[in-house]
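Please read the structure below before turning to the comments.
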Amino acid sequence: MGLFSKKDKELEEVINQIRVDLSNNYKDNAVENIKKLEKMLEEKKASGKLKSAETYEELLKHFQDDVKNFKRTY
């Protein structure tokens with residue numbers, strides 16, 4: 001996102017929650033919120049409500065890579 005680009009508040013809230021989940025090792029919650037972010041991102045792109053999705057897509061890919069090898073232990 002550039003210096004003057006507008007951030008999407010809804011997406012930013014989910015991204016912040018994913019960061020909190022990952023930092024606290026709440027992998028299940030992070031996986032759920034990553035799926036939520038992916039769905040929201042697709043919906044906003046399809047409806048034209050999101051002009052520049054590149055940064056959000058890069059973050060989504062980064063988060064997906066972080067939890068790619070996550071296995072439940074219970």
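For this structure, a couple of remarks:
- Close Cβ contacts (under 7 Å, 6 or more residues apart or on different chains) running from residues in region 19-45 that are without any contact (Cβ under 8 Å) to a residue 12 or more places away in the chain to residues that are in a loop (DSSP other than H, G, I, E, B) comprise 45/53.
- The set of residues in region 22-53 being touching an Asp or Glu at 6+ places or on another chain (Cβ under 8 Å) and not in a loop (DSSP other than H, G, I, E, B) consists of 22, 27, 29, 30, 33, 40, 41, 44.
Where a number appears in this text, it was derived from the coordinates with a stated rule and is not lab data. Everything numeric here is computed off the predicted structure, so don't read it as measured data. Positions of Cβ are backbone-derived with ideal geometry, glycine not excepted, and every protein chain shown enters the neighbour counts.
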